[in-house]
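The values are calculated or read from the model by the stated rules, or taken from the named source; none is laboratory data. These numbers come from a predicted model, not from an experiment. Here the Cβ positions follow ideal geometry from the backbone for every residue, glycine too, while neighbour counts run over all protein chains shown. These accessible areas exclude ligands, DNA and RNA; they are computed on the full protein's heavy atoms, side chains included. Shrake-Rupley method; radii C 1.70, N 1.55, O 1.52, S 1.80 Å.
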Amino acid sequence: RINPATNRVSRAFTYGKINQLYALRVGFGMRKYLSEKARQRGVAVGYSYEFGPSLGLLKPYYIEVITGEPGGNNRIQDIRFDGDNLNQFLNQDRIFGASAWTLGLDEVGLRPGLHAKAAAHFGFGAFDEVSKSLEAGVMADFFLGNTDLMLESELTPGVTNSPLFLSLYLKVQFGKRW
């Protein structure tokens with residue numbers, strides 16, 4: 001979408017999003033191999049687990065809305081959801097796009113939490129010059145306090161927030177042996 005007054009292109013936005021959550025994790029765990037790598041073309045199979053404290057950084061999500069009457073002097077205003085501006089925050093005809101990511105950095109809230117992950121690990125080639133491994137697993141984060149990311153409203157049906165976040169992940173590693 002282009003604003004004719006400023007000739008500016010809008011940024012993509014997520015409808016109904018009210019916060020962004022970033023996690024900082026400190027983990028303790030172990031990796032155990034169930035098999036040894038063969039000298040050439042061998043694969044070592046194992047598993048790993050990790051757990052520990054997390055710190056969630058909860059940043060408000062701002063959107064740009066068009067103010068003023070249609071066809072009149074319109075201007076763009078940055079807003080965040082505050083409980084009183086539901087109709088303005090969810091009015092798709094007035095939303096221009098997402099605000100700059102830096103907006104709201106001074107309003108970041110801290111949320112303590114815990115995390116855990118479990119994975120299958122595959123290491124390839126014991127004596128190859130290039131070290132290669134693959135890890136596939138599941139990770140869970142649980143945060144204390146309000147960590148709502150989406151707005152729960154009649155205008156956003158099916159949205160429910162939870163303090164538990166589950167993720168599947170795939171990690172590929174390449175490196176040179178010294």
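Quick notes
- Hits in region 104-136 (condition: in contact with a strand residue (DSSP E or B) (Cβ under 8 Å, 6 or more places away or on another chain) and either over 24 Å from S54 (Cα atoms) or among the polar types (S, T, N, Q) (or both)): F122, G123, F124, G125, A126, E129, V130, S131, K132, S133, L134
- The residues on offer are L103, L151, L114, and the sole one that is open to solvent by 70 Å² or more (accessible area, probe 1.4 Å) and under 20 Å from the mean Cα position of the chain (by Cα) is L114.
- Scanning region 7-39 for residues that are open to solvent by less than 80 Å² (accessible area, probe 1.4 Å), outside any strand (DSSP E or B) and modelled with pLDDT under 95 gives S10, F13, T14, Y15, G16, I18, S35, K37, A38.
- Residue pairs whose Cβ atoms lie under 9 Å apart, separated by 6 or more positions or on different chains, with the first residue in region 88-102 and modelled with pLDDT of 90 or more and the second open to solvent by 60 Å² or more (accessible area, probe 1.4 Å) and among the hydroxyl-bearing types (S, T, Y), are A98/T14.
- Within region 59-81, considering residues that are open to solvent by 60 Å² or more (accessible area, probe 1.4 Å) and not charged (D, E, K, R), the one nearest to F13 (Cα to Cα): Q77
- Residue in region 59-67 that is more than 17 Å from I18 (Cβ to Cβ) and touching a strand residue (DSSP E or B) at 6+ places or on another chain (Cβ under 7 Å) present: yes
- Among the residues making up region 124-148, those that are surrounded by 13 or more Cβ atoms within 10 Å (Cβ to Cβ) and more than 25 Å from the chain's Cα centre (by Cα) are F124, G125, A126, D128, S131, K132.
- Region 154-178, residues that are polar (S, T, N, Q) and open to solvent by 60 Å² or more (accessible area, probe 1.4 Å): T160, Q173
- The set of residues in region 87-100 that are over 10 Å from Y61 (Cα atoms) and surrounded by 14 or more Cβ atoms within 10 Å (Cβ to Cβ) comprises Q88, F89, L90, R94, I95, F96, G97.
- Any chance D84 is assigned to a helix (DSSP H, G or I), modelled with pLDDT of 85 or more and open to solvent by 90 Å² or more (accessible area, probe 1.4 Å): no
- Condition broken by G42, with the remaining ones in (1) open to solvent by less than 40 Å² (accessible area, probe 1.4 Å); (2) farther than 29 Å from F142 by Cβ; (3) at pLDDT 90 or above satisfied: (3)
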